[in-house]
Amino acid sequence: MQRLYLLVLVIASAWLAAACAQRDGAGPDATIEAPPQARQAVDLPAPDMEGFIPLETAIASRRSVRSYGPEALSDAELGQLCWSAQGITEEGGRFRAAPSAGALYPLEVYVATDQALYRYSPEDHALGLVRGEDVRLDLQAAALGQEHVGQAPAVFIMTGVVSRLEVKYGDRSWQYMLLEAGHAAQNLLLQATTLELGACPVGAFEDDGLAGILGLDDGEAPLYLITVGTLG
Ligand SMILES: Cc1cc2nc3c(=O)[nH]c(=O)nc-3n(C[C@H](O)[C@H](O)[C@H](O)COP(=O)(O)O)c2cc1C
């Protein structure tokens, strides 16, 4: 009798432990999904190399769009847009989608979504977490209150590290860096057009405000914002 009692007790304890583990999400069949949160790193899908829209059509149809649908961009779309701006396009090498004076590559690309602020790594074709929160309304404030900056599902931010150019180009380095930002931004705008997304370049912003949001040190300057989203 005592043995039977002990057996029932052991089975009951095991059942209770399993039930608790499942409730806490620790069990093997846990079905409760964690709330969406910033990912530490996002491995982006390999970029598509065969779009369907001819370059001439993209050039002819590109327009600055300042109103977007609420849908988040997919990882494939984020990846394609980052790649168009600064992706590595040389097989096994280091040359990138946009030209660079002396191939010194002073530009960095960040993207702010409803989840987080990320920095693009061309070498890994991946996003690394910078801030695990939605900074788009802060970006809107730094961009003199422009509403489409806060509303865009993705805000790309281009920055530049001028010292990478100064080693070779001295006083002309800032000029070259701005020219490069223009090349990269135009690539991104045309790529957005081919993905049938709306996009708008934004140059009106407070430098210090933007640098503070991105946590930039003195050597890295904010250069350009590009808002992107589905056509609303
Ligand atoms: C350097 C630069 C800065 C710009 N800054 C802003 C901006 O701060 N806000 C904005 O809504 N549009 C901005 N634009 C977009 C222009 O307003 C837009 O390109 C212009 O009206 C021509 O229209 P389109 O781009 O549709 O051809 C900027 C464009 C450039 C090239």
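The values are calculated or read from the model by the stated rules, or taken from the named source; none is laboratory data. Remember, it's a predicted structure, so these values are computed and weren't measured experimentally. Quick reminder, even Gly has a Cβ in these numbers, built from the backbone with ideal geometry, and neighbours come from all protein chains shown.
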Can you pull out the residues in the range 31-58 that are surrounded by 11 or more Cβ atoms within 10 Å (Cβ to Cβ), within 23 Å of residue 232 (Cβ to Cβ) and touching a residue at least 60 places away in the same chain (Cβ under 8 Å)?
-> 51, 53, 58
Residue 116 at pLDDT 95 or above, surrounded by 18 or more Cβ atoms within 10 Å (Cβ to Cβ) and either in contact with a strand residue (DSSP E or B) (Cβ under 8 Å, 6 or more places away or on another chain) or aromatic (Phe, Trp, Tyr) (or both) | yes
Which one of these does residue 146 not meet: (1) at pLDDT 95 or above; (2) of a type outside the set (Phe, Trp, Tyr); (3) away from the ligand (no atom under 16 Å from the Cβ)?
-> (3)
Only one of (1) over 30 Å from residue 53 (Cα atoms); (2) touching a Leu at 6+ places or on another chain (Cβ under 9 Å); (3) outside any strand (DSSP E or B) fails for residue 166. Which number is that?
-> (2)
Under 6 Å between Cβ atoms, at least 6 apart or on separate chains: pull out the pairs that start in the range 167-187 with a residue that is under 18 Å from residue 220 (Cβ atoms) and end on any residue that is hydroxyl-bearing (Ser, Thr, Tyr) and within 15 Å of the ligand (Cβ to nearest atom).
-> 181/224; 185/224
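Out of curiosity, is residue 48 assigned by TED's automatic domain parsing to the domain that holds residue 197, part of a loop (DSSP other than H, G, I, E, B), within 19 Å of the chain's Cα centre (by Cα) and of a type outside the set (Gly, Ala, Ser)?
On the way: assigned by TED's automatic domain parsing to the domain that holds residue 197: yes; part of a loop (DSSP other than H, G, I, E, B): yes; within 19 Å of the chain's Cα centre (by Cα): yes; of a type outside the set (Gly, Ala, Ser): yes.
Yes: the conditions hold for residue 48.
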Kindly indicate the residue of the range 178-231 that is among the hydroxyl-bearing types (Ser, Thr, Tyr) and more than 13 Å from the ligand (Cβ to nearest atom) and also nearest to the chain's Cα centre (by Cα) among those meeting that condition.
-> 230
Determine, yes or no, whether residue 72 is outside any helix (DSSP H, G or I) and closer than 18 Å to residue 189 by Cα.
-> yes
Applying the selection to the range 193-232, what residues are over 11 Å from residue 148 (Cβ atoms) and part of a loop (DSSP other than H, G, I, E, B)?
-> 195, 196, 203, 204, 205, 206, 215, 216, 217, 218, 219
Output the residues belonging to the range 53-66 that are within 11 Å of the ligand (Cβ to nearest atom) and assigned to a loop (DSSP other than H, G, I, E, B).
-> 62, 63, 65, 66
